[in-house]
1. From (1) buried (at least 18 other Cβ atoms within 10 Å of the Cβ); (2) within 27 Å of Leu303 (Cβ to Cβ), pick out the condition that doesn't hold for Thr144.
2. Can you find even one residue in the stretch 92-99 that is among the β-branched types (Val, Ile, Thr), closer than 24 Å to Gly199 by Cα and at pLDDT below 95?
3. One residue is enough: does the stretch 157-165 have a residue meeting the conditions in a loop (DSSP other than H, G, I, E, B), exposed (fewer than 15 other Cβ atoms within 10 Å of the Cβ) and in contact with a strand residue (DSSP E or B) (Cβ under 7 Å, 6 or more places away or on another chain)?
4. Please give the number of the condition Val96 fails out of (1) in a helix (DSSP H, G or I); (2) over 30 Å from Trp205 (Cβ atoms); (3) β-branched (Val, Ile, Thr).
5. Filtering the stretch 17-63 down to residues that are within 22 Å of Glu150 (Cα to Cα) and modelled with pLDDT of 95 or more, which residue is surrounded by the most Cβ atoms within 10 Å (Cβ to Cβ)?
6. Determine which single condition Gln172 fails, assuming it passes every other condition in (1) over 30 Å from Glu243 (Cβ atoms); (2) modelled with pLDDT of 95 or more; (3) touching a helix residue (DSSP H, G or I) at 6+ places or on another chain (Cβ under 8 Å).
7. Which fully enclosed strands (runs of 3 or more DSSP E) of the stretch 210-304 have 2 or more residues being among the small types (Gly, Ala, Ser)?
8. Please go through the stretch 198-213 and pick out each residue that is under 16 Å from Gly92 (Cα atoms) and in contact with a Ser or Thr (Cβ under 6 Å, 6 or more places away or on another chain).
Amino acid sequence: MSDFDVAIVGSGLVGSCAALALSAEGLSVCLVGAEEPAARVGDTWDTRIYALSPGSRDLLAALGVWRRLDPARVQCVSRMEVFGDRRDVRLGFDAVESGVPCLAYIVESGELWRAIWSAVLERSGGVQLRVPERPAGLRIHADTVEITLEAGGGIDAALVIGADGARSWVRQQCGIEVRQRRYPQDAVVANFLASRDHGGAARQWFADKGVLALLPLPGRHVSMVWSAPAAFADELRALDPAELGARVGAASGGVHGELAQVGDSAQFPLRWMDARHYVRPRLALIGDAAHNVHPLAGQGVNLGFRDVREIAAVLRGRGAEVDCGSLALLRRFERARREDVSSMIAVTDGLQRLFSSRVPGLEGLRNLGLSLTDRLPILRRALARHALA
C-alpha cells in the first residue's frame, strides 16, 4: 500500500492548486516543494502579474481561493485592444459582447500564491506538506512511486505529479524529452502609475521593437510586459525610471498619459517548450513542467490551471479503476490536454513569427488580417471563447 494516492512535486501556483483540487476529490495528497510564499511587502506591486481567465477564476472560486484574494488587489479587464504595426489597425474584444462580467482578472503573483497557500494550510487534513523540502531520488515501480528527500526519509504514492516548473526535476528524472525554441526576445516587466484612467482596458501593440502590453491594475496603475529583441530589452532594462516611463508612453501613443514607474523592473528570457510526453506509468506533468508558451496571449498560468481541472476530472471519473496511477487512466488526461496546449503554442508562436518578420509585403498582410478579424463578430467571438476557458 502507498502512503498517499498522489505526491505532487512543486509547491508553486499550479502544484499547490492541484493539491487543493485532488484533495477535494477525496484523494490523499502529499505536496513536496522547495518554497513557501513570501509575505507581501508594503503597498508595492509585484512585477510579475497574471491575467486569469474566467475559467481559472471559477476553478479558484470552487477551491475556496478566490474569496481569500484582497479585492483591492484584483482588476477586472472589461475590454482588450490589440494594435498592429499601424495605429489605425485594431482588434477589439469586449466583455459585454462576450457575455461575461470580465474578459480576465489581473492578479499579482504574490497575492495569488498567498491566497492559494492559505487554502492549502486550511486543508491540513487532506494535504500533507513537505515544504520546504527537495526531492533527491525518484523510482517508479509497478505499483507505486518512491520519492526520497534530501533531508532524509521518503514518500510512496500511487501517482506522482510533476509541477516543478520549466526546468522540471521530475521530467528530467524520467528522461522525458522536450521540443523547444528560444525566442530572440526577452520580456521586460515593470509597473507604472498613469496620469490617465485605464478604464479597465488591456492593450497590446505589435511593432518592430517587439510586443508591448499594458495591463490594468487597480486604481490608475498599469503593468507593462514588453517582449523585445534581446539587445533592445537590455537597453530598456538599463533606463532609469523616468526614461523607461517616457519610452513606454511614446510606444503606446500616450494612451495612459504620463507614466511614473512604481518599484523595480525585471527581465527574463522567452521560449516555447512542449514535453514529448505528459504522462508515463504513475507519472503526469502539469503546468510549466509540461509546457511553456510566449506571454503575448497571457495564457501560461491559465494552461496550468486547465491541467489541474482536467487531471481532477479524470481522477474523479475513473469509475471502477481504483489505481489513480494507471497509464490507461492518465492517457485520458494527456489526450484531453495535448490539443489545447498544441493550439496555444501554434497561435502564440505563429503570431510572434508573423509580427517579428521583416519580409517585404508581410506587414500589409498581417495588418489586413487583424482588421478583417475585428470586422467579423463570429470569428472574434470564437477567439474570445478560447481565451475565456
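1. (2)
2. Yes, some residue in the stretch 92-99 is among the β-branched types (Val, Ile, Thr), closer than 24 Å to Gly199 by Cα and at pLDDT below 95.
3. Within the stretch 157-165 (the criterion being in a loop (DSSP other than H, G, I, E, B), exposed (fewer than 15 other Cβ atoms within 10 Å of the Cβ) and in contact with a strand residue (DSSP E or B) (Cβ under 7 Å, 6 or more places away or on another chain)), the answer is no, since none of the residues qualifies.
4. The one condition Val96 does not meet is (2).
5. The qualifying residue surrounded by the most Cβ atoms within 10 Å (Cβ to Cβ) is Ala19.
6. Here Gln172 clears every test but (3).
7. 210-216, 221-229, 259-275
8. Gly200 - this is the single residue of the stretch 198-213 that is under 16 Å from Gly92 (Cα atoms) and in contact with a Ser or Thr (Cβ under 6 Å, 6 or more places away or on another chain).
The values are calculated or read from the model by the stated rules, or taken from the named source; none is laboratory data. From a predicted model like this one, the values you see are computed outputs, not experimental measurements. Neighbour counts run over all protein chains shown; Cβ positions are idealised from the backbone, glycine included.
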